[in-house]
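Peer 1: First the structure, then my questions, so here it is.
Each reported figure results from applying straightforward, stated rules to the coordinates on display, with no laboratory input. Model, not experiment: these values are computed from the prediction. Ideal geometry is used to build each Cβ from the backbone, glycine not excepted, and the neighbour counts take in all protein chains shown.
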Amino acid sequence: MNKKRIIKWAKIVAIIYISGGIALFFLQDAVLFHPVTLNRTHSYNFPEPHKDISIPIDSEDTLNLVDFESSGTVSKGIVLYFHGNKRNISWYAKYIPYFTRHGYQVLMIDYPGFGKSTGKLTEQKLYDWAMQVYKIARKRFSADSIIIYGKSMGTGIAAQLASVRDCRRLILETPYYDFPAVVKHYLPIYPVRWMLHYEIPTWQYLQKVTAPVSIFHGTRDRIVPYKNSKRLMPFLKQTDEIITLKGGSHNNLFMYGQTIQKLDSVLKL
């Protein structure tokens, strides 16, 4: 291959690399988040008793959440559920019975731009909205009756909340070390830590969590690799635990009896 051809291909590669980097920087929300919006008049049709609650934050932001009732006549406590980066509450509501059957109420939030929630999504807003949900829970229950649960993207949000507010337990399903670690897995050629608008450093927040922590993660998770949980191990307390699901992927952990049994035992305490 002659020198001119080498230079030509080097220029092509450089253009592709730079163009990809520019696209990642300016279009990262479209890459990272895949919400499905719903009309504000949309009516949820969940089988469980529930209330659809919208909280106006300002002229642009409206926080929407669904308040699921417990199955028992007396509620044992409340679960604050922070879901993943796709769709909206409708997609994650299938997990609600795993909590309500044990006598827990569940508050499930949609992030800005997800479902019926409106506004521009930012990292700080994720934390602020989580705090709003916690305040609702505290009006009903003491801190030792609140369980904070995060799935995938929601794990960092849940960890941040548990690092600044007391709760009975923090449960993380397929957590990440931080946001750049996840993106780096897909785009190792870019300095993503400098390019992303989101950090959500789960590893930092875990160091400040005083409540017991339970982590569920599958060894064949292709979305948030299991090595993320392994990297979090040094920041866990001796009483914390990682439940490793051998062969488990990102969205099938509730197909494992080990997951159900462990969650049942935690919620029965």
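Peer 1: Arrange Lys3, Lys51 by Cβ neighbour counts within 10 Å, fewest through most, would you? Write out the running numbers ahead of the final one.
Peer 2: Values: Lys3 7, Lys51 11.
Neighbour counts put them in this order, fewest first: Lys3, Lys51.
Peer 1: Now for a separate question. Against the longest principal axis of the chain, how steep is helix 3-26, in degrees 0 to 90 to the nearest 10, with axes from Cα atoms?
Peer 2: Approximately 20 degrees, to the nearest ten.
Peer 1: Grab the Cα-Cα distance for Ser142 and His197, subtract it from 0.36 nm times how many residues apart they are, and report the gain in nm with one decimal. Please report the intermediate quantities before stating the final value.
Peer 2: Values: separation 55, 0.36 × 55 = 19.80 nm, distance 3.46 nm.
Working it through step by step, the gained length comes to 16.3 nm.
Peer 1: Based on the alpha-carbon gyration tensor of the range 112-173 and its eigenvalue square roots a ≥ b ≥ c, which shape applies: rounded if a/c is under 1.5, prolate if not and a/b is larger than b/c, or oblate? Can you show the working numbers first?
Peer 2: Working: a/c = 2.07, a/b = 1.49, b/c = 1.39.
It is prolate, given that a/c is not under 1.5 and a/b is the larger ratio.
Peer 1: Another question about this same structure. Using only Cα atoms, locate the centre of the range 231-269 and the centre of the range 104-146, then give the distance between them in Å, rounded to an integer.
Peer 2: 23 Å
Peer 1: Shifting gears a bit: Using a Debye calculation, one point per C-alpha and no hydration shell, please list log10 I(q)/I(0) for the range 169-209 at q = 0.16, 0.19, 0.28, 0.33 Å⁻¹ in order.
Peer 2: Computed log10 I(q)/I(0) values: -0.45, -0.59, -0.98, -1.16.
Peer 1: Evaluate the chain: find the radius of gyration of its Cα atoms, find its Kirkwood radius, and give the ratio Rg to Rh.
Peer 2: Values: Rg = 20.2 Å, Rh = 19.6 Å.
Rounded to two decimals, Rg over Rh is 1.03.
Peer 1: For a protection proxy built on the mean count of beta-carbon atoms within 10 angstrom, sort 60-70, 226-236 highest first, please. Let's see the in-between values first.
Peer 2: On the way: 60-70: 19.6, 226-236: 17.4.
Put in order of decreasing packing, that is 60-70, 226-236.
Peer 1: Given the chain, what percent of its DSSP beta bridges are antiparallel, to the nearest 5?
Peer 2: 30 percent
Peer 1: Listing Glu48, Glu173 from the residue with the fewest other Cβ atoms within 10 Å to the one with the most, what is the order? Provide the component values of the computation, followed by the final result.
Peer 2: Details: Glu48 15, Glu173 27.
Ranked by crowding around the Cβ, least crowded first: Glu48, Glu173.
Peer 1: Something else now. Which of rounded, prolate, oblate describes the range 112-215, given a ≥ b ≥ c as roots of the alpha-carbon gyration tensor eigenvalues and a/c under 1.5 marking rounded, otherwise prolate only if a/b is larger than b/c? Each step should come with its number before you reach the end.
Peer 2: Numbers: a/c = 2.45, a/b = 1.50, b/c = 1.63.
Judged from the Cα gyration tensor, the range 112-215 comes out oblate (a/c at least 1.5, b/c at or above a/b).
Peer 1: Assuming R0 = 25 Å, what is the FRET efficiency of Lys120 and Tyr186, from their Cβ-Cβ distance, to the nearest 0.05? Walk me through the numbers before you get to the answer.
Peer 2: Numbers: r = 24 Å, r/R0 = 0.96.
That gives a FRET efficiency of 0.55.
Peer 1: Another question, then. Which value in deg cm²/dmol, rounded to the nearest 500, describes the helix-derived mean residue ellipticity at 222 nm for the chain, given -39,500 (n - 2.57) per DSSP H run of n ≥ 4 and division by the residue count?
Peer 2: On the way: 11 runs with 100 residues, N = 269.
Helices in the chain give a 222 nm mean residue ellipticity of -10500 deg cm²/dmol.
Peer 1: For the peptides 138-144, 84-90, what is the packing order when you average, over each peptide's residues, the other Cβ atoms within 10 Å and list the highest mean first? Before the final figure, lay out the partial values.
Peer 2: Working: 138-144: 12.3, 84-90: 19.4.
Output ranking for 138-144, 84-90: 84-90, 138-144.
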